[in-house]
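Enquirer: Have a look at the structure that comes next, please.
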Amino acid sequence: MTGPGRKGIRFSRLYSFSCFKSSFRDEHGQIGQKGYSRVVYCNDPDNPEQLVLRYRSNYVSTTKYNAFNFIPKSLFEQFRRVANIYFLVVACVSFSPLAPYTASSILAPLIVVIGATMGKEAVEDWRRRKQDIEANNRKVQVYDRNHNFQDTRWKKLRVGDLVKVYKDEYFPADLLLLSSSYEDGICYVETTNLDGETNLKVKHALDVTSSLQEENSFQHFKAIIKCEDPNEDLYTFVGTLYYDGQQYPLSLQQLLLRDSKLRNTEYVYGVVVFTGHETKVMQNATDPPSKRSKIERKMDKIIYLLFSMLILVSFVGSFFFGITTKNDIVDGKLKRWYLRPDRTTVFYDPKRSALAAFFHFLTGLMLYGYLIPISLYVSIEIVKVLQSIFINQDQDMYYEEMDKPAHARTSNLNEELGQVDTILSDKTGTLTCNSMDFVKCSIAGVAYGRGMTEVERALAKRKGDASDFGITSSDIQMSGDDSVASGNQLKKFFRVLALCHTAIPEVNQETGEITYEAESPDEAAFVIAARELGFEFFERTQTSISLHELDHMSGRKIDRGRARFCIYIIDTLKQVYVAAYRELSEEEFKSWEEEFLEAQTSVSADRDALVDAAADKIERDLILLGATAVEDKLQKGVPECIDKLANAGIKVWVITGDKMETAINIGYACSLLREDMQQIVITLDSSEINDLEKKGDKEAVAKASSASITNQIKEGKHQLSSSEASSVSFGLIIDGKSLSFALSENLENSFLDLAISCASVICCRSTPKQKALVTRLVKKGTGRTTLAIGDGANDVGMLQEADIGVGISGVEGMQAAMSSDFAIAQFRFLERLLLVHGHWCYRRIALMICYFFYKNIAFGFTLFWFETHASFSGQPAYNDWYMSFYNVFFTSLPVIALGVFDQDVSARLCLKYPMLYLEGVHDILFSWPRILGWMLNGILSSMIIFFFTTSSVIHQAFRQDGQVLDFEVLGVMMYTCVVWTVNCQMAISINYFTWIQHFFIWGSIAFWYAFLVMYGAISPIISTTAYQVLVEACAPSPFYWLATLLIVVSTLLPYFMYRAFQTEFNPMIHDIIQRRRLESSEEEEASVELFFQHKEKIASVKEKLREQETLLSK
């Protein structure tokens, strides 16, 4: 409700027995000491004593770089990668005589790769900077020397400034609330950006400043604030206000935090206490934990393996080079006289062969450096960014009701989405809507309501009764005759719902529609329910709340203003709301009100006790009306999603704060628990423990509790072991008190062993810290990929602890989404995020990396085989620029296309056959056997290319004039075969062709010929061995084209035969699905027959996976 009527409301009287007045506590005695030394001169920021303190400005920067440190800091980030350091060293050494090629041919690709990555960093940081610029240049009204409020940019605010903030504006800094548009200084604050909660918080100014309502009242306002130093604690504030010679204690009730929003209040006045990076929200703005995917960590090990291979090959080459060089002069005779070993440099001196071998070793480290893919990192980053764009633009993960698409907040973990083994989920707002529905109530012992809750549906299903619950009494009839007891009680019950709340009505002046701003979804549900049943709350004033009551006899609305001489109470007992009332005479109420206000305004140490005593006098002799509760219903598609994830081999754990009974029922409702499951319940709710707790012996309670949990875990393991022969699955349920003992150092491993053996796990009554601890235990204990999903600020620790954090951008705000790696609007979208995008990204990245190593090994080992035929001289087989452009132009784009577009099966089939996801869970596509297999394929390809090429051309005429093959032509022939082979290998490996992939694959091959023509046309001083080599030597020779065709086919044949054999006799899951899809003329027919015709094959695949797990665990 807006308008002048709101200003006169004293909200401190609308909150029954609420105590907003701060009192002095022990912490206030520390003012002026260490940690409590901040001094603020209110409305006097230019005070010389404050200027000496040099407080920080309100300018905020969240960028990683600035104009001065971008180049050095970004270069440091790039050269933290071992491969980049190697290429930098090689580039530096390439200026020496040891280099087998020119320095420019090494520097050019290194500069391109490093520059591209730095450019990406610069773009991302510029986006953050633009957000900072927008925030720093927002405007707020500041009280100036001319005693007027003027618009000022946020970044120019100073400590001590007096500001005025209007409704729906964000607070520009941490402010001390002085007064508001309400006479008693109440204001509503939304803290979604701070803690993720959308319910409104109530703030209250000190009585001594709440009267400062007009602008001219601040002309002579001067005060001093002494308070705590800047810290990250959002929930405490300690300070003292010195004003008019008096001291007034300050608490969190008077502090308005930066980035929270003013709601339901026309304006507030405040004094800036903390600015910029000293505000509490910025003190909490720590960098999220650095997460790396398992594939990326394994890739580092592969790089080390390739480095070892590089050193080994270089050592072998230098060893034989040393022997050959030493034998060049034997007993004064020159063996290789044409090299003139008697007149050579130290690099080929037979008398110092060991030193020459050492220098050759250094040359080999540079020559075979192409075993290390220089463009691997930048290519993966490009691919991951493009994959993230596809995730963000997926229409099937767009939630139209809230206009929220999926959002990949980081691109580092895309492939990790395809390897999730365990999901740890919050319940409220994640599995449920966090939107309360008023379904049923009990009034005077009679239950009313036709609806069936999600929990009731689960209970009915368990009992075998699928029918809807009917009402247990007749429909609610609102009788107009007050003499009828049931009718009178019904009215009073719904009046309680319409009256006992802190909601504020907002009336649309055009339509007359009333909406409510409530502190919690529960309150809103009650007010709306009362309105729907004829008790419409439409106005509140200083002393009354007004309702429109529906006269059920005439059908007309009757206005009723209810004076506060009748006390109505709603109390909460474990989420069950109890309604009661007590009628008071006017004299009785006024007498009590005087006593309560006197207690509330007391400044004595026992003020809280006086308020409690006054409240206790009136909160007695109440008449019970009834009870009700609201239900947080399940989100759409949750049971189906959990079923699909379970079929994909993913374990789902729910960690909730609900009591055990509710959690179990929700577990059945969302298909987490099933009828065929046996339950293992671990709880400390026993008579023995309860008796010990009553005695107050904490040590005995702890000892007995630990022993009880140990026994229950052992019993659970025994149940599992005794049921190994059967196919019975188990569900584990544990409460928060038990969990605190189960997570202890001596029990956590036993608990984890029990939990991971169960199909489902539910942790009840869990704290935010326990959520994070459970997540850490599963992540470190299993070594598998964990995914945590939640929607509230209490889930942030869990999201950051897990390998992947998924935030639900829902009703509880954006805190979880902002702290997550991926954000979605509904839990059901997790199915598509994992089973489709996760599977695709994992498969693409795994194949992309394996292919990268394959093509570099195939290329690098041709250099080694050539050196063995050149007396290990260190002479490269190819022109310098051939080698430099290999990873940058001739083979890089097809790999990127593979990483972005390839699909083994369609999205529909990914969802239809969730067992396909097992390939990622068990890391089949990036296992060491598969990686080593690709490496061996690269070595085999290099051998076929080199030996087939040399054997076919060296001993016969190549040109029409009878001339034999020379060094330049041999290099072009081998290089042509390499380019054709690795690109055709890509074409064989791809499952899903698009025109982009065709363009990149065949375009890369075509570009190699175009490059030969263009580079060969340049002066031989620059092009050296490439001068006119294609136009004059290779192209006119039919043998060149025929040899290329035969050698490429021969090189690809082993892999082709291996894949044919594997697909026929030992198919993977995706092979089975692909084969049936291709064999059947109708895809639907194939999908029906799939499991029947290949059931044994799929079972054998799963059995092999289990065997691999057993071997790995040993």
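The values are calculated or read from the model by the stated rules, or taken from the named source; none is laboratory data. Note that the structure is predicted; figures quoted are calculated from it, not measured. Positions of Cβ are generated from backbone atoms using ideal geometry, with glycine treated the same way; all protein chains shown enter the neighbour counts. Areas reflect the complete protein model, heavy atoms only, side chains present, ligands, DNA and RNA absent. Shrake-Rupley method; radii C 1.70, N 1.55, O 1.52, S 1.80 Å.
Enquirer: If the requirement is being among the acidic types (Asp, Glu) and open to solvent by 40 Å² or more (accessible area, probe 1.4 Å), which of these qualifies: 278, 266?
Expert: Of 278, 266, the one residue that is among the acidic types (Asp, Glu) and open to solvent by 40 Å² or more (accessible area, probe 1.4 Å) is 266.
Enquirer: Within the range 412-468, can you find the residues that are surrounded by fewer than 17 Cβ atoms within 10 Å (Cβ to Cβ), modelled with pLDDT of 65 or more, out of contact with any Leu (no Cβ under 9 Å at 6 or more places or on another chain) and at positive phi?
Expert: Across the range 412-468, the qualifying residue is only 445.
Enquirer: Going by what's in this entry, would residue 576 be described as exposed (fewer than 13 other Cβ atoms within 10 Å of the Cβ) and either at pLDDT 65 or above or touching a Cys at 6+ places or on another chain (Cβ under 6 Å) (or both)?
Expert: In short, yes.
Enquirer: Say whether the condition of being of a type in the set (Gly, Ala, Ser), free of Cβ contacts under 8 Å to residues at least 12 places away in the same chain and open to solvent by 10 Å² or more (accessible area, probe 1.4 Å) is met by at least one residue in the range 782-801.
Expert: To start, the set of residues in the range 782-801 that are of a type in the set (Gly, Ala, Ser) comprises 783, 788, 790, 792-793, 797.
Subset that is free of Cβ contacts under 8 Å to residues at least 12 places away in the same chain: 783.
Right, trim to open to solvent by 10 Å² or more (accessible area, probe 1.4 Å) and you get 783.
Yes, that holds for at least one residue.
Enquirer: Out of all the residues in the range 605-664, which are acidic (Asp, Glu), open to solvent by less than 70 Å² (accessible area, probe 1.4 Å) and not in a loop (DSSP other than H, G, I, E, B)?
Expert: 631, 632, 643
Enquirer: Quick check on the range 598-612. Is at least one of its residues at pLDDT 85 or above and among the aliphatic types (A, V, I, L, M)?
Expert: First, the residues of the range 598-612 that are at pLDDT 85 or above: none.
No; the residues of the range 598-612 include none that is at pLDDT 85 or above and among the aliphatic types (A, V, I, L, M).
Enquirer: Taking interchain pairs and intrachain pairs at least six residues apart, which have beta carbon atoms under 7 angstrom, with the first residue in the range 222-242 and within 11 Å of residue 39 (Cα to Cα) and touching a residue at least 40 places away in the same chain (Cβ under 8 Å) and the second charged (D, E, K, R) and part of a loop (DSSP other than H, G, I, E, B)?
Expert: Listed by first residue and then by second, the contacts come to 239/228.
Enquirer: Go through the range 860-877 and give me each residue that's open to solvent by less than 10 Å² (accessible area, probe 1.4 Å) and within 15 Å of residue 973 (Cα to Cα).
Expert: 862, 863, 876, 877 - these are the residues of the range 860-877 that are open to solvent by less than 10 Å² (accessible area, probe 1.4 Å) and within 15 Å of residue 973 (Cα to Cα).
Enquirer: Let me ask you something else. Kindly indicate whether residue 180 is polar (S, T, N, Q) and surrounded by 18 or more Cβ atoms within 10 Å (Cβ to Cβ).
Expert: yes
Enquirer: Let me ask another. How about the range 896-1010: which helices (runs of 4 or more DSSP H) wholly inside it have at least 2 residues that are under 32 Å from the mean Cα position of the chain (by Cα), surrounded by 22 or more Cβ atoms within 10 Å (Cβ to Cβ) and in contact (Cβ under 8 Å) with a residue 12 or more places away in the chain?
Expert: Hits in the range 896-1010: 918-921.
Enquirer: Would you check which residues across the range 698-708 are crowded, with 19+ Cβ neighbours inside 10 Å and in contact (Cβ under 8 Å) with a residue 40 or more places away in the chain and list them?
Expert: Hits for the range 698-708: nothing passes.
Enquirer: Next question. Tell me, please, whether a residue that is of a type in the set (Ser, Thr, Tyr), at pLDDT below 85 and assigned to a helix (DSSP H, G or I) can be found in the range 315-326.
Expert: Yes, because at least one residue in the range 315-326 is of a type in the set (Ser, Thr, Tyr), at pLDDT below 85 and assigned to a helix (DSSP H, G or I).
Enquirer: Also: Which members of the range 673-729 meet the condition of being polar (S, T, N, Q), modelled with pLDDT of 80 or more and in a helix (DSSP H, G or I)?
Expert: Passing the criteria: 705, 706, 708, 710, 711, 712, 719, 721, 722.
Enquirer: So, one more: Do we have any residue at all in the range 211-225 that's open to solvent by 20 Å² or more (accessible area, probe 1.4 Å) and modelled with pLDDT of 90 or more?
Expert: Taking the range 211-225 as the starting set, the residues that turn out to be open to solvent by 20 Å² or more (accessible area, probe 1.4 Å) are 211, 213-217, 219-220, 222, 224.
When the remaining residues are screened for being modelled with pLDDT of 90 or more, the result is 222, 224.
Yes: one or more hits.
Enquirer: Given (1) assigned to a helix (DSSP H, G or I); (2) open to solvent by less than 60 Å² (accessible area, probe 1.4 Å); (3) of a type in the set (A, V, I, L, M, F, W, C); (4) over 28 Å from residue 269 (Cβ atoms), where does residue 98 come up short, assuming only one miss?
Expert: (1)
Enquirer: Next question. Would you mind finding the one in 828, 776 that is open to solvent by 40 Å² or more (accessible area, probe 1.4 Å) and touching a Gly at 6+ places or on another chain (Cβ under 8 Å)?
Expert: Details: 776 fails: touching a Gly at 6+ places or on another chain (Cβ under 8 Å).
Criteria check complete, one pass: 828.
Enquirer: Which residues, counting only those in the range 708-736, are among the aliphatic types (A, V, I, L, M) and closer than 21 Å to residue 773 by Cβ?
Expert: Selection gives 709, 713, 732, 733, 734.
Enquirer: Another question about this same structure. Would you confirm, using the coordinates I've provided, whether residue 863 is touching a Cys at 6+ places or on another chain (Cβ under 8 Å) and among the aliphatic types (A, V, I, L, M)?
Expert: For residue 863, the condition - touching a Cys at 6+ places or on another chain (Cβ under 8 Å) and among the aliphatic types (A, V, I, L, M) - is not met.
Enquirer: Return the residue satisfying two criteria in turn: it lies in the range 402-411 and is in contact (Cβ under 8 Å) with a residue 12 or more places away in the chain and open to solvent by 40 Å² or more (accessible area, probe 1.4 Å), and of such residues it is farthest from residue 922 (Cα to Cα). Give the steps one after another, and end with the answer.
Expert: Within the range 402-411, the first condition is being in contact (Cβ under 8 Å) with a residue 12 or more places away in the chain, and the residues that meet it are 402, 404-411.
Cutting the leftovers down to open to solvent by 40 Å² or more (accessible area, probe 1.4 Å) gives us 402, 404-405, 407, 409.
On the way: 402: 36, 404: 33, 405: 30, 407: 27, 409: 26 Å.
So the residue we want is 402.
Enquirer: Out of the range 411-436, which residues are farther than 16 Å from residue 790 by Cβ and touching a Ser or Thr at 6+ places or on another chain (Cβ under 8 Å)?
Expert: 411, 412, 413, 414, 415, 416, 419, 421
Enquirer: Residue 341: loosely packed, with under 15 Cβ neighbours inside 10 Å and at pLDDT below 85, yes or no? First the steps, then the outcome.
Expert: Details: loosely packed, with under 15 Cβ neighbours inside 10 Å: no; at pLDDT below 85: yes.
Criteria not met by residue 341.
Enquirer: Just to be sure I understand, how many residues within the range 117-151 are open to solvent by 40 Å² or more (accessible area, probe 1.4 Å), assigned to a helix (DSSP H, G or I) and touching a strand residue (DSSP E or B) at 6+ places or on another chain (Cβ under 9 Å)?
Expert: Here the count works out to 0.
Enquirer: Ok, one more. Run residue 521 past the list (1) open to solvent by less than 40 Å² (accessible area, probe 1.4 Å); (2) modelled with pLDDT under 75 and report the number of the one that doesn't hold.
Expert: All conditions pass for residue 521, except number (1).
Enquirer: Looking at (1) assigned to a helix (DSSP H, G or I); (2) farther than 17 Å from residue 385 by Cα; (3) open to solvent by less than 50 Å² (accessible area, probe 1.4 Å), find the lone condition where residue 88 falls short.
Expert: (3)
Enquirer: How do the pairs read when you match residues in the range 82-95 that are without any contact (Cβ under 8 Å) to a residue 40 or more places away in the chain with residues anywhere that are assigned to a helix (DSSP H, G or I) and among the β-branched types (Val, Ile, Thr), using Cβ under 6 Å and keeping only pairs 6 or more apart or on different chains?
Expert: Close Cβ pairs (under 6 Å, with a partner that is assigned to a helix (DSSP H, G or I) and among the β-branched types (Val, Ile, Thr)) amount to 91/106.
Enquirer: Test each condition in (1) in contact (Cβ under 8 Å) with a residue 60 or more places away in the chain; (2) of a type outside the set (Ser, Thr, Tyr); (3) farther than 27 Å from residue 148 by Cβ for residue 252 and report the one that comes out false.
Expert: (1)
Enquirer: One residue is enough: does the range 185-202 have a residue meeting the conditions open to solvent by 10 Å² or more (accessible area, probe 1.4 Å), among the aliphatic types (A, V, I, L, M) and over 20 Å from residue 245 (Cβ atoms)?
Expert: Yes, that holds for at least one residue.
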